[in-house]
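In what follows, a structure is listed as structure tokens, so that the remarks can point back to it.
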Amino acid sequence: MAADPSLFAGLLDNDGHTGPVYRRITQAIATAVTTGRLAAGDRLPTHRELARELGIAVPTVSRGYREAEQQGLISSTVGRGTFVSGVSGIPHLRDTPETGHGPSARQIDMAVNAPAQGMHDELMRRAITAVAATAAPDALLGYESDIGTYEQRLAACRWLALSGLDIKPEQVAICHGSQHALLVALAAALRPGETLLTEALTYPGVKSAARLLGLSIQAVAMDAHGLIPEALEKACASAGAPRVLYCMPTAHNPTASTLPPERRQAIVDIARRHNLLIIEDDVFGLLAEDTPAAPLAMLAPERTLFLTSLSKTLSPGLRCGFLAGPPQMADRIGALIRATIFNPSPLATAVAMRWLADGTAERLLDWQRDEMARRRTAAKHLLFPHPAVADVRTAGLHAWVELHQPWSASEVATLASGLGISISSTRNFMATDQAVPRGVRLCLGNAADVGTLTTTLRTLADGLERGRPTWASSTRV
Ligand SMILES: Cc1ncc(COP(=O)(O)O)c(C=O)c1O
């Protein structure tokens, strides 16, 4: 029998559907098989028919069908068509009907801090097509200006205004993602052998960049609200103290803290007193839970290099980052971009600029904000209160889970790994050798949808409950 033609209706609406379009197709097939709307032997529309019906590209349908085939839901025979195989391909029906903690949950990656995916693949396809159709014949083929064209930097300024930045195109450079912006900022500010101040827990990418540039790192203490001004003052007080601070004032990675306004002002005052340059990393800033206070770059524009990218808000694949700073540093930044990548990729930048110009970027940002708000709420509700968990803070795309004794970060990472959930080792975030904090970061963006994330978090919460270290069974947690 041919499948009910309305099976895929409404698949492109955001209402109740999340994840890339191809995955929605797979999901629609799985749901229809589970609910009996599709029976073994039913014939699905051809790739071309479904693509036409939904107004999407044929490869998107092919990918959706391929995933469904890999899951054993359907099978295709050349010349005959695509047919439903039955329920044997649905992991939770096949393996663990009560818990739903089947293989699909075991594949969840909570280590990589990536945004959730909605209509991104389809929108990317459209943007690439539009760029191909409208770009001047040689615009994408040659070398470009090292810091990006004036128009691109103007578009960057408009995007940065969403973060509260009021700057001119002369102050901005387009980089190859914010990791590249960070490397350029560090190389612009420091010489090999010098020391960089960072929060005691920090983004691992700053450690790799510092290593590459021959810099040492000195950790500055932080608490639930972020960097502690008194600790910064102390670090700056001695003779020969470091001259540069790297920090994440909003939606800190990994601790999800956001600096309150008084601390921001105190940090800026200290920086002015000690002639400290600040590198402010704001990659998660636009995904903060509340409107954050002014960026340090606005409180102390004369001494702050501000960096961010479209990776967390739109898509890491764009590799589009922005580095903004005092005009007197612009030449050095341009020279460093030339030395590292010559210029940002014209093709990738053109696609990013298309999204910025036609409103797609703001729509995707709004979608990501809503989606992550739902995911962060799920994380808070599922993990707190919990006997193993002292606190859960969320921001941006991640949650920071503070643990009660006797749990340690490495025990939780090992337990999670045994459940098939990968999380980063907390050691990766330690700026220097210190006691490993009792906390783990969970990345919430990779799960296909809130339902899958909920299942995964439940698996983890149950595992923590069951797997409490036995050697400490007498300790109250
Ligand atoms: C705090 C922070 N800064 C910078 C980056 C680099 O991101 P990208 O190079 O994709 O912009 C990351 C990536 O995880 C990050 O967490």
Original post:
When ranked by the protection proxy of mean other Cβ atoms within 10 Å per residue, highest first, what sequence do the peptides 196-207, 265-276 form?
Top reply: 196-207, 265-276
**OP:** Please work out whether the range 347-465 counts as rounded, prolate or oblate from its C-alpha gyration tensor, where a ≥ b ≥ c are the square roots of the eigenvalues and a/c under 1.5 means rounded, while otherwise a/b larger than b/c means prolate and anything else oblate?
**Re:** prolate
Original post:
Does anything in the range 176-212 have its amide N under 19 Å from the 7 Å Cα→Cβ label point of SER410, and if so which residues?
Top reply: 201-202
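For the chain: lysine pairs with Cα atoms under 24 Å, gap of 8 or more or different chains, count?
Close lysine pairs found across the chain: 4.
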Subject >> the range 236-289 versus the range 333-403: alpha-carbon centroid distance in Å >> reply: 19 Å
Original post:
Between GLU289 and residues 5 or more places away or on another chain, which pairs have amide H atoms under 5 Å apart, with H built 1.01 Å from N, and which residues are they?
Top reply: GLY396
Original post:
What order, most packed first, do the peptides 159-168, 279-288, 448-457, 388-397 have when packing is the mean number of other Cβ atoms within 10 Å of each residue?
Top reply: 279-288, 388-397, 448-457, 159-168
Subject >> Förster-model FRET efficiency, 41 Å R0, VAL78 and ALA132, C-beta, rounded to 0.05 >> reply: 0.85
Original post:
Separation of the range 27-72 and the range 134-185 by C-alpha centroid, Å?
Top reply: 40 Å
Subject >> Amide H contacts of GLN218 (H built 1.01 Å from N, under 5 Å, at least 5 apart or other chain) >> reply: LEU196, LEU197, THR198
Original post:
All other residues with a Cβ under 14 Å from the Cβ of MET124 taken together, and with Lys, Arg as +1 and Asp, Glu as -1, what is their net charge?
Top reply: +3
**OP:** With a ≥ b ≥ c taken as the square roots of the eigenvalues of the C-alpha gyration tensor of the chain, please select rounded if a/c is under 1.5 and otherwise prolate if a/b is larger than b/c or oblate if it is not?
**Re:** oblate
**OP:** Using label points projected 7 Å from each Cα along Cα→Cβ, tell me how many nm separate GLU53 and MET1, to one decimal.
**Re:** 1.5 nm
**OP:** Could you line up SER178, SER145 from fewest to most neighbouring Cβ atoms inside 10 Å?
**Re:** SER145, SER178
Original post:
Remind me, relative contact order of the range 113-207 in percent, using alpha carbon pairs under 8 angstrom and six or more residues apart?
Top reply: 18 percent
Original post:
What length, rounded to one decimal in nm, is gained on full extension from ALA239 through to ASP331, with 0.36 nm per residue of separation minus their alpha-carbon distance?
Top reply: 30.1 nm
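What does the highest-first list of 70-82, 370-382 look like by mean Cβ count within 10 Å?
Final packing ranking: 370-382, 70-82.
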Original post:
Expressed as a rounded percentage, what relative contact order does the chain have, with Cα pairs under 8 Å and six or more residues apart?
Top reply: 18 percent
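No value in this document is a laboratory result; all are computed from the given coordinates. Everything numeric in this text was worked out from a predicted model, so none of it was measured. Backbone-built Cβ (ideal geometry, glycine too); neighbour counts: all protein chains shown.
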